[in-house]
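The values are calculated or read from the model by the stated rules, or taken from the named source; none is laboratory data. The structure displayed is predicted, hence computed values, not measured ones. Counting neighbours? That spans all protein chains shown, and the Cβs are built from the backbone with ideal geometry, glycine included.
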Amino acid sequence: MFKRVDHIEIAPGDFGRTMAFYQEVLGFTFIDRFPVKAPPLKEVAYLRLGDTMIELLSYDHPTSASTNLRQIGYRAIALEVTNMEQAVAYLEGKGVKIAWGPVNLGDSVRAEIRDPDGLTIELRQWSRG
């Protein structure tokens, strides 16, 4: 009945800056971008990485979310990486700071970065085949 996660919605503070980050730093591919006439929503863009899609929502006067990690709700996007050391070196070369890790968890290595609005992006290198 349920097939897969179709997309993840992100409401950034700066639409253009966030689009550039996901495309230029994380390698998401631009799919589509169009205006929306449903105030306060102004515009929507779709970006894809592999079979994962994100939908960026541009709102008039967006407000920041809570930084309370115990707040109920979705907490992070997780990106699988093939080589954590290479991913970390690449991101640091792009000026992206590693917010946490990398930490070896036995079956995987995990780290975290933040997008331009401080939203958590988990990096995970699985050791399974």
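When you check residue 32 against the structure, is it in contact with a strand residue (DSSP E or B) (Cβ under 8 Å, 6 or more places away or on another chain), assigned by TED's automatic domain parsing to the domain that holds residue 7 and surrounded by fewer than 16 Cβ atoms within 10 Å (Cβ to Cβ), yes or no? Give the derivation first.
Details: in contact with a strand residue (DSSP E or B) (Cβ under 8 Å, 6 or more places away or on another chain): yes; assigned by TED's automatic domain parsing to the domain that holds residue 7: yes; surrounded by fewer than 16 Cβ atoms within 10 Å (Cβ to Cβ): yes.
So residue 32 fits the description; yes.
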Of all residues making up segment 37-57, the number that are without any contact (Cβ under 8 Å) to a residue 40 or more places away in the chain and under 17 Å from residue 121 (Cβ atoms):
4
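Please determine, by comparing only the residues of segment 6-34 that are more than 26 Å from residue 90 (Cα to Cα) and modelled with pLDDT of 95 or more, which one is farthest from the chain's Cα centre (by Cα).
Going residue by residue through segment 6-34, those that are more than 26 Å from residue 90 (Cα to Cα) are 6, 32-34.
Narrowing the set further to residues that are modelled with pLDDT of 95 or more leaves 32-34.
Numbers: 32: 17, 33: 17, 34: 20 Å.
Residue satisfying both the conditions and the ranking: 34.
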With the checklist (1) part of a strand (DSSP E or B); (2) acidic (Asp, Glu); (3) under 27 Å from residue 125 (Cβ atoms) in hand, flag the one item residue 32 doesn't pass.
(3)
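Quick check on residue 48: is it at pLDDT 95 or above, under 27 Å from residue 98 (Cβ atoms), of a type in the set (D, E, K, R) and assigned to a strand (DSSP E or B)?
Working: at pLDDT 95 or above: yes; under 27 Å from residue 98 (Cβ atoms): yes; of a type in the set (D, E, K, R): yes; assigned to a strand (DSSP E or B): yes.
It is true that residue 48 is at pLDDT 95 or above, under 27 Å from residue 98 (Cβ atoms), of a type in the set (D, E, K, R) and assigned to a strand (DSSP E or B).
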